[in-house]
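Written below as structure tokens is the structure these notes are about.
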Amino acid sequence: MGQLGMMELMAIFVVALLVFGPRKLPELGRSLGKGMREFRRATNDLKASWEDQVRDIDREVSQAARDVRNAGRDIEKDLQNSIKDDRPSSKVDSGNAPAGAPSTTPPTDDSKTGSAPADPPK
């Protein structure tokens, strides 16, 4: 719907004058103005309340995002520290090979013992 032009406003005024009469028209205008003011005040209060709620939610979401980032950093640091702790030292004793290191002992012939043969080394 578009704006009301001057002709439309005049027509509304004439109809209101005929329906309510010249004595009731000022009173009707005052009460209409008060109603409009109250409506604007109520919508502004509602808007301000809504914006406050949105701001509070934004703050909570931002705090939760910071907490998640900090937790991710802590987990990453813990993981890096555990990887550093699991690394073999540069000097390896001949008797104590680190876990996962290839065996230096020659494979045995399992055909004499009756057990299944071991997988060939890669």
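Each value in this text was obtained by applying a stated rule to the coordinates, not by laboratory testing. As the structure is a computational prediction, the values presented were derived from the model and not from experiment. Heads up, the Cβs are rebuilt from the backbone with ideal geometry, glycines too, and the neighbour counts pull from every protein chain shown.
Within the stretch 41-59, what residues put their amide N at less than 20 Å from the label point 7 Å along the Cα-to-Cβ vector of ALA71? Those under the cut-off are 57-59. FRET efficiency for the pair VAL19 and ASN44, taken as 1/(1 + (r/R0)^6) with r the Cβ-Cβ distance and R0 = 25 Å, rounds to 0.20.
Couplings 3J(HN,Hα) of the stretch 61-74, computed from phi: 5, 5, 5, 5, 5, 4, 4, 5, 4, 5, 5, x, 5, 4 Hz, in residue order, whole Hz [Karplus 6.51 cos²θ - 1.76 cosθ + 1.60, θ = phi - 60°; x for Gly and Pro]. For the stretch 1-57, the gyration tensor built on C-alpha atoms gives an oblate shape. Its axis ratio a/c (a ≥ b ≥ c) is at least 1.5, and a/b is not larger than b/c.
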